[in-house]
Amino acid sequence: MLRNAQTKWVQHARSCRTVRASAFRFSTSSPLTNKQSRNTPSTSTGSHYANPKDQMYTVRPVNYWMDKLMQGEKQKDINDKSPKTPRKLVEKTMKDSYIEIHLPFKSSKELLEEYIFVDGRIRTGKLLEDLDSLAGAIGYKHIETASDQTSSPVTIVTASVDRLDLFLPKAVENYRLSGHVTYTGYSSMEIFIKGEVVPEGNEFDSQAREDPASHCYLDANTVLATRFTMVAIDSITHKPVQVCPLVTTSPEEERLRQMAEQNKQRKKRDAETSFFKQPPTPQESLDMHTMFFEYSQYVDHQRSHDFAKLIPSESKKPLPDTCVWMSDTCKDALIVCQPQFRNVHNNIFGGFIMKKALELSYATASTFFRSKTPLVLSMDNVTFRKPVFVGSLLEMNSAVVYSPGHPHRSIQVRIVADILDIDSGKRSTTNIFYFSLTCDDPTIKVRQVLPRSYGEILLWLDGKRRRLRGMHSRQLLLEDLQRHT
């Protein structure tokens with residue numbers, strides 16, 4: 001009787017519910033074809049898609065969660081001995097994986113309503129969801145071969161986002177997001193994605209589809225630039241799967257491949273010089289010593305009985321209004337991971353996690369600035385360490401870890417995302433985010449953040465490192481923009 005009631009509920013849900021799925025259309029076959037799509041953003045990979053036979057990619061859910069609960073998972077046994085055709089690797093060009101998606105905010109009030117922020121600008125967090133969907137679709141398109149129908153299925157996962165720089169305009173405009181593979185390893189792919197403002201009636205760029213490498217330069221219309229690292233794994237064994245090799249066909253494409261290789265080496269160097277592996281440099285040690293005496297001169301009511309204090313209590317001063325303790329900037333968020341947030345692999349969508357982290361960084365910056373005008377400038381490298389399953393509790397903790405204070409206007413916000421196991425109470429970290437934000441109100445004097453422990457000083461130093469690296473990276477992007485404006 002209960003099962004009959006559930007079945008009727010599912011049938012009713014199917015008749016009245018619209019599944020919001022980001023769809024990507026192609027004129028070639030797809031491992032994710034004939035999927036449901038939302039009718040707001042449009043996408044293209046070459047020819048126009050008026051043909052009803054066009055097929056689609058999607059990395060958003062297309063099945064019903066209630067069906068999953070009633071029928072159970074029908075996964076293949078990892079010890080399945082049935083013969084599988086080895087995947088045939090085909091050399092691919094950058095053009096082969098190119099996709100663009102169009103977001104006509106200025107032309108469509110319905111779409112704008114989904115993305116509009118309280119101050120009238122576009123919600124950056126919603127764009128992060130689209131970027132993650134687009135990167136996944138590009139990855140699936142690159143690995144597609146004729147042998148996919150008989151070989152073991154392949155899953156594309158987001159390994160990391162290798163920095164996101166934003167130049168979003170204040171006015172509402174029509175956007176185009178486009179990207180393609182720029183580098184391949186054994187099982188990994190680096191995907192470059194660019195966002196730009198496009199005039200009405202000029203949404204489709206035939207030149208970019210024919211020569212994507214020539215379209216990767218930044219110009220006056222650029223609103224964002226980012227790189228995703230996607231990894232291919234066997235859907236059954238979860239082992240790495242070799243992806244199709246990338247071949248370059250022009251000097252411009254070779255330039256992009258070399259830039260991707262340099263980016264890979266830079267990430268490796270940054271990891272090797274992390275505070276988890278190397279002590280602070282001599283200059284950073286001096287900065288730590290200076291900061292220790294900086295915060296020790298102020299009264300700390302939480303440590304009024306600190307035996308290790310070096311400055312007598314009667315000599316300490318009240319904390320000025322221009323400073324704030326790092327621990328006093330902390331904010332928390334606890335999220336129940338619902339089925340509506342899942343991807344096609346029935347894990348929580350990476351773009352959703354990034355969106356929630358960005359929104360928490362905005363809330364943290366707002367209370368720190370005491371202003372409703374924070375602007376997100378960039379998101380530093382993000383690594384997806386563990387999958388987040390439907391039904392998990394996701395806890396996010398944020399703090400302003402670096403702010404040199406007036407006259408500087410930018411700050412660094414660090415967010416740690418932990419998965420909480422409801423049954424055991426154990427927690428594991430899935431992501432650590434770093435966002436750079438600035439205050440858009442020139443009348444506000446940004447306060448200085450002070451650490452008051454060795455751990456907080458290391459976070460302060462790490463935030464300073466990231467700020468300096470981010471300023472250098474952003475300057476290179478701006479110089480690229482000026483050269484091609």
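A short reminder: the numbers here are calculations on the coordinates, not readings from a lab. As the structure is a prediction and not an experimental result, all values here were calculated from the model. Every residue, glycine among them, receives a Cβ derived from its backbone with ideal geometry; neighbour counts consider all protein chains shown.
Data overview
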| read-out | value |
| --- | --- |
| Entries of Lys239/Lys356; Lys106/Lys268; Lys239/Lys464; Lys109/Lys355; Lys141/Lys331; Lys194/Lys372 with Cα pairs more than 32 Å apart | Lys106/Lys268; Lys239/Lys464; Lys141/Lys331 |
| Extension reserve of the Ser274-Gln340 stretch, reckoned as 0.36 nm per residue once the Cα distance is removed | 20.1 nm |
| Val197, Val388 arranged by Cβ crowding within 10 Å, fewest neighbours leading | Val197, Val388 |
| Euclidean distance between Cα centres, region 208-260 to region 361-411, Å | 28 |
| Proximal charge balance of Ala365 [Cβ under 13 Å; K/R count +1, D/E count -1] | +3 |
| Mean Cβ neighbour count within 10 Å, used as a protection proxy, ranking 458-467, 254-263 highest first | 458-467, 254-263 |
| Neighbour-count order for Cys323, Cys216, Cys337, fewest beta carbons within 10 angstrom listed first | Cys323, Cys337, Cys216 |
| Two-decimal Rg to Rh for region 278-483 - Kirkwood Rh, Cα set | 1.01 |
| Protection-proxy order for peptides 417-425, 446-454, each taking the mean of Cβ atoms within 10 Å per residue, highest first | 446-454, 417-425 |
| Inter-label distance, nm, simple model (7 Å from Cα along the C-beta direction), Leu393/His289 | 4.5 |
| Positive minus negative residues near Thr429 (Lys, Arg vs Asp, Glu; Cβ under 9 Å) | +2 |
| Whole-Hz ³J(HN,Hα) from phi, Karplus 6.51 cos²θ - 1.76 cosθ + 1.60, for region 290-297, glycine and proline x | 5, 5, 4, 6, 5, 7, 6, 7 |
| Contour minus Cα-Cα distance for Lys264 and Leu476 (0.36 nm per residue) | 74.6 nm |
| Amide H contacts of Arg163 (H built 1.01 Å from N, under 5 Å, at least 5 apart or other chain) | Arg227, Asn381, Val382 |
| Cβ-based net charge around Lys445, under 11 Å, with every Lys or Arg adding one and every Asp or Glu removing one | +1 |
